[in-house]
Every structure is written in C-alpha cells, then in structure tokens.
Amino acid sequence: YMETRKIVLDGDDPKWKSILNIIRSVKTGSSYSWPDTKRIYSKDELESAKFLQLIIKTAFEPCGEELGTIYDESTVCPLCGAGRTQVSELILNVRKIPKKRDISSSIADEWVVSDKFVRVFRGNNMAGAEFLPVIDCKKGEVSTKYFQIKITGTVGRSAKPPTQFGIDLFDLDIDEKGKYVCPYGHVSGFNILSELYIHKENWDGSDIAVTEDMIGQRMGLLVPKPLIVISQRFYRILKKEKIRGFREEVVHVV
C-alpha cells in the first residue's frame with residue numbers, strides 16, 4: 001500500500017526549499033518518480049507570445065530502427081551520441097501510431113504527422129518543414145495517412161542563460177559535473193527545466209523550427225532531440241484546425 005499526496009505550490013513559495021530537501025533524501029528509492037511539468041498560461045499570454053514551444057504529448061513503439069529504418073552512425077558524436085543520419089525511408093508499424101493524434105513521436109524521436117497536419121501546413125503556406133513518406137512495415141507500402149515531418153527551420157541555439165537545463169526539477173543546479181552536457185555544444189543538458197529562451201536574430205523566419213542544441217542522451221534506442229518552436233501564426237492555425245497531439249509553452253525572445 002502506498003499513499004500519494006498532491007502538493008501545489010507557487011514557484012516562489014519558501015516551502016519549496018524544505019520539500020526539495022525531503023525529496024532529495026528519498027529520490028533514490030521507490031517513492032520518487034520524474035514529474036511531468038505543465039505550465040499553465042492565460043489566453044492573453046498564449047496569444048501575445050511571438051513564439052511557442054511545441055511539445056509532442058504522445059510516444060509510441062516500436063521505433064523505426066527496430067523495424068528496418070537505416071541510420072548512418074558514422075556521423076554520431078562520440079561523447080553525447082547526437083548526430084546520427086537517417087539514410088532510408090522511415091519504416092513503422094502504422095497501426096501503432098496513435099490514431100487520435102495529428103502529431104506524435106516514436107520512442108526514438110522519429111516525428112510523425114497525419115495527412116490532416118500536412119494539408120493544414122501546406123494549405124496555409126507555412127514554412128520550415130518537409131514531409132517524407134512512412135513505410136508500413138506490415139504491407140511494405142507507403143502510408144497515405146501518415147508522414148514523417150522533417151523540420152528544416154532553425155532558431156539557432158537556445159539562449160542560456162536564462163534557459164536552464166539540468167537533470168530534473170528537484171536538482172535545479174545545472175548539471176555541475178557536465179555528465180549530460182556535450183563539450184562540443186550538441187547537447188545542453190538532460191532536460192530543459194525552464195521555459196525556452198531564444199535569440200530573435202537567429203530565427204530564420206520559419207513557422208516551425210528547431211533549436212540547434214538538444215536535450216537527452218544516447219541510451220539504447222533513445223537519442224538526444226532538439227526543441228520544437230512554432231510561430232504565433234502557425235499556433236493559431238493549429239488551434240483553429242483542432243490539430244491534436246501537442247501542448248504548448250511560451251518561448252521568450254532575448
């Protein structure tokens with residue numbers, strides 16, 4: 001039997017210090033788990049933001065690598081594991097792709113969108129992405145319902161500080177030993193702990209773009225991933241067209 005309690009505090013509440021000390025003392029045991037952070041915004045905050053981070057909510061498996069998708073590993077950074085190059089079409093079991101989502105990801109961060117997403121993107125003359133075929137591993141045929149999205153737009157490197165990276169919310173100090181920070185600049189940390197900040201002059205004008213730096217680590221099928229940023233214009237279209245499968249956070253410009 002395990003009792004669970006929900007504690008809700010403001011970010012600047014002084015009680016955080018004592019709670020964090022308790023969590024740090026037990027987090028190696030079974031009573032600790034990684035929290036899912038969700039920031040809540042007013043309608044005005046979302047509609048006034050020039051950029052928003054698009055966070056894909058749903059992951060599925062198996063991933064493409066398990067089903068025959070070929071990657072060139074010669075381009076991978078030997079220290080952080082980032083930088084592999086996909087050299088074949090993406091092969092997936094399309095029956096495992098969430099049907100009620102217009103954007104989702106394999107556990108290896110292979111991003112997939114629905115035909116509706118593609119129509120909305122192209123029909124509104126959005127910029128910053130290409131759509132590649134997905135091969136159904138069962139039939140060996142190109143799917144007509146799903147596409148791999150390749151984001152070509154860039155916002156450059158995240159601005160850090162003030163963007164904060166680290167291991168988790170209960171160790172707010174940035175990974176002091178640098179275990180999850182690539183010295184070559186590919187990976188900025190294991191997770192992003194704050195809202196994302198970018199430099200406006202590094203944005204290439206695309207409606208959907210990614211950061212040059214990434215988060216995460218190479219561990220089995222898992223790979224480092226960039227953060228996805230969308231323009232306010234595209235965000236409003238996604239909401240108007242009821243595109244499903246993502247949540248949003250405000251991106252700040254410095």
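The values are calculated or read from the model by the stated rules, or taken from the named source; none is laboratory data. Everything numeric in this text was worked out from a predicted model, so none of it was measured. Neighbour counts are summed over all protein chains in view; Cβ atoms, including those assigned to glycine, are modelled from backbone coordinates with ideal geometry. Just so you know, the surface numbers come from the protein's heavy atoms only, side chains and all, with ligands and any DNA or RNA stripped out. Shrake-Rupley method; radii C 1.70, N 1.55, O 1.52, S 1.80 Å.
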When you scan region 1-53, how many residues do you find that are assigned to a loop (DSSP other than H, G, I, E, B), open to solvent by less than 100 Å² (accessible area, probe 1.4 Å), modelled with pLDDT of 75 or more and of a type in the set (D, E, K, R)?
-> 3
Which ones in region 103-127 are surrounded by fewer than 21 Cβ atoms within 10 Å (Cβ to Cβ) and either in contact with a helix residue (DSSP H, G or I) (Cβ under 8 Å, 6 or more places away or on another chain) or in a loop (DSSP other than H, G, I, E, B) (or both)?
-> Ile107, Ala108, Asp109, Val120, Asn124, Asn125, Met126, Ala127
Can you tell me which residues in region 148-161 are open to solvent by 50 Å² or more (accessible area, probe 1.4 Å) and either farther than 30 Å from Asp204 by Cβ or modelled with pLDDT of 95 or more (or both)?
-> Lys150, Thr152, Arg157
For residues in region 65-85 being free of Cβ contacts under 8 Å to residues at least 24 places away in the same chain and surrounded by 12 or more Cβ atoms within 10 Å (Cβ to Cβ), which is nearest to the chain's Cα centre (by Cα)?
-> Tyr71
Does Val134 meet the test of being open to solvent by less than 20 Å² (accessible area, probe 1.4 Å), free of Cβ contacts under 8 Å to residues at least 40 places away in the same chain and not in a loop (DSSP other than H, G, I, E, B)?
-> no
With respect to Lys225, is the statement that it is in contact with a strand residue (DSSP E or B) (Cβ under 7 Å, 6 or more places away or on another chain), open to solvent by 50 Å² or more (accessible area, probe 1.4 Å) and basic (Lys, Arg) true?
-> yes
